[in-house]
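Structure, as structure tokens:
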Amino acid sequence: MSGAHVLLHIDGRPVQVKAGSSVAAALRVAGGSGVARTSVGGAPRAPFCGMGVCQECRVQIDGQRRLACQTVCAEGMRVETGR
Amino acid sequence: MDAEVIVIGAGIVGAACALALAQAGRRVRVLDAQCGGATGAGMGHLVVMDDNPAELALSRHSAAQWRALAPRMGAECAYSACGTLWVAANDEEMAEAERKRERLRAHGIESRLLDAAALGRAEPALRPGLAGALEVPGDGIVYAPNAARWLIAQGGGAIDVTHAKVDAIEDDGTLRLADGRRCTAAQIVLANGIEAATLCPELPIRPKKGHLLITDRYPGTVRHQLVELGYVTSAHHASGESVAFNVQPRPTGQLLVGSSRQFDTTDPAVEAPMLARMLQRAVDYLPGLAQLQAIRAWTGMRAATPDGLPLLGKHPWREKLWLAVGHEGLGVTTAPGSAHLLAALMTGAAADFDAAPYAPRGLLA
Ligand SMILES: Cc1cc2nc3c(=O)[nH]c(=O)nc-3n(C[C@H](O)[C@H](O)[C@H](O)COP(=O)(O)OP(=O)(O)OC[C@H]3O[C@@H](n4cnc5c(N)ncnc54)[C@H](O)[C@@H]3O)c2cc1C
Ligand code: FES
């Protein structure tokens, strides 16, 4: 298992991560601060607690609003940030 | 500052009373334990209710005050003039909507009936097959904890807020604080919500627990505060449990979903079976809600009196003590009107409407 990778798309860009990674981890791999969304006031928000409590990591995954830290990356997954 | 009046509690009711008294020229000290209360837990719906003439007088006066304050409130108060749609599920409820319109019209409150098609156009997310609705455009919503802070700030130097818990009220009106200090003033206002019964066990106030849930942001899903007309019958049972469809569009695009009512529990835990019943009721009206992501659920305690009206006025036997408690599920709406009445009684001014129905009652049993 340890060598396996999956390929997903974050805001249209291909990102390769180790199999079993969370989408929150993939946001960091994709570069920068790992921003998941923007607040009402437009401020960038990134995963914070990593355990499904803070709700700061909400992203759109294959058309559904999900928590990035609670979702495991799957081959071909489409993730949209910034909502 | 040497206070002439001490207000116990900085929730929405205490805040409104403090401001009304400051505006009447009093120097006011607000003591707050910061232990949390209904103001931080409720929905913040500003709604004219007409179950009886006294409730209508108080909520109507209050709603008008909120509308007058709104243009000055900052964005943090999240005021929105979204109006209410009282949703009728069937012909019987539609007949009730018509009676409600007549009652409101008799008191100069604007409202209009929507038939099924008009309701579908106004709120496309509602399920088809509903009978219609009564729209009350003058209703609104507010974020009550920030509105409470804003009301206090309007008092400027005439209001001083101290972080302190009152442990006891002695017979002569002296307050014993948790830190051992003692203080008093010529007049004391008890406005600490459900905790009022801890300081004055003779008050006829019981906790009525409610669940709420908030979703992630889905702007435009719903435009009005939506309440089922059946709410009128379900919300006012004196005992037992009930749920009602009640959904509010927050200015952030989030949906705030209510509401449940339970007596005889003081446990603040979110109860999954109660939450499930409440959400099922909401999904019955708004099927798309099931696809949205919830981000938080919580509970709050309403301070319920036997007849549903707040206690506003002088305590019948306790020295210096005035009551502003028992606002149940309507205290955000009715805070300004309650404060107006109480301040008038306390300063000997003329009130805009009759204070008699709210006079402290049921205390001599
Ligand atoms: C689920 C739910 C939904 C609701 N929805 C609505 C709605 O849509 N519209 C509406 O109008 N109303 C609504 N309400 C009702 C409304 O929230 C309350 O009526 C209102 O907030 C009561 O305000 P209050 O200032 O009397 O009390 P609280 O908000 O409870 O404030 C009491 C204050 O007193 C302080 N305190 C307590 N004990 C002490 C002490 N010993 N010493 C010093 N300070 C103390 C606390 O720290 C607190 O700040 C709802 C309530 C609930 C629970
Ligand atoms: S990082 Fe906190 S909920 Fe996902």
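The values are calculated or read from the model by the stated rules, or taken from the named source; none is laboratory data. Fair warning: this is a prediction, and the values are worked out from it, not measured in the lab. We place every Cβ from the backbone using ideal geometry, glycine too, and count neighbours over all the protein chains shown.
Miscellaneous remarks
- The requirement of being more than 25 Å from residue B:86 (Cα to Cα), crowded, with 24+ Cβ neighbours inside 10 Å and within 12 Å of ligand 1 (Cβ to nearest atom) is fulfilled nowhere in the stretch B:44-67; no residue meets it.
This table checks each residue for (1) of a type in the set (Gly, Ala, Ser); (2) more than 16 Å from ligand 2 (Cβ to nearest atom); (3) free of Cβ contacts under 8 Å to residues at least 40 places away in the same chain.
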{"site": "B:303", "(1), (2), (3)": "yes, yes, no"}
{"site": "B:306", "(1), (2), (3)": "no, yes, no"}
{"site": "B:324", "(1), (2), (3)": "yes, yes, no"}
{"site": "B:342", "(1), (2), (3)": "no, yes, no"}
{"site": "B:348", "(1), (2), (3)": "yes, yes, yes"}
{"site": "B:352", "(1), (2), (3)": "no, yes, no"}
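- The residue that is surrounded by the fewest Cβ atoms within 10 Å (Cβ to Cβ), counting only those in the stretch B:320-334 that are more than 27 Å from residue B:174 (Cβ to Cβ) and not β-branched (Val, Ile, Thr), is B:328.
- If only residues of the stretch A:53-83 that are of a type in the set (Gly, Ala, Ser) and modelled with pLDDT under 95 are counted, the one that is farthest from the chain's Cα centre (by Cα) is A:63.
- Listed here are the strands (runs of 3 or more DSSP E) enclosed by the stretch B:266-334 that have at least 3 residues being of a type in the set (Asp, Glu), and there are none.
- Residues within the stretch B:249-265 that are in a strand (DSSP E or B) and within 14 Å of chain A (Cβ to nearest Cβ), tallied: 3
- Output for the stretch B:13-56, where each listed residue is more than 17 Å from the chain's Cα centre (by Cα) and either more than 14 Å from residue B:158 (Cβ to Cβ) or part of a loop (DSSP other than H, G, I, E, B) (or both): B:24, B:25, B:26, B:27, B:31, B:32, B:33, B:34, B:35, B:53
- Within the stretch A:14-40, the set of residues being touching a strand residue (DSSP E or B) at 6+ places or on another chain (Cβ under 9 Å) and either on the phi > 0 side of the Ramachandran plot or assigned to a strand (DSSP E or B) (or both) comprises A:14, A:15, A:16, A:17, A:18, A:20, A:22, A:31, A:37, A:38.
- Checking B:173, B:156 one by one, the residue that is closer than 19 Å to residue B:4 by Cα, more than 16 Å from ligand 2 (Cβ to nearest atom) and in contact with a Leu (Cβ under 9 Å, 6 or more places away or on another chain) is B:173 and no other.
- From the list A:59, A:53, A:17, the lone residue that is more than 16 Å from ligand 1 (Cβ to nearest atom), under 16 Å from residue B:293 (Cβ atoms), of a type in the set (A, V, I, L, M) and surrounded by 13 or more Cβ atoms within 10 Å (Cβ to Cβ) is A:59.
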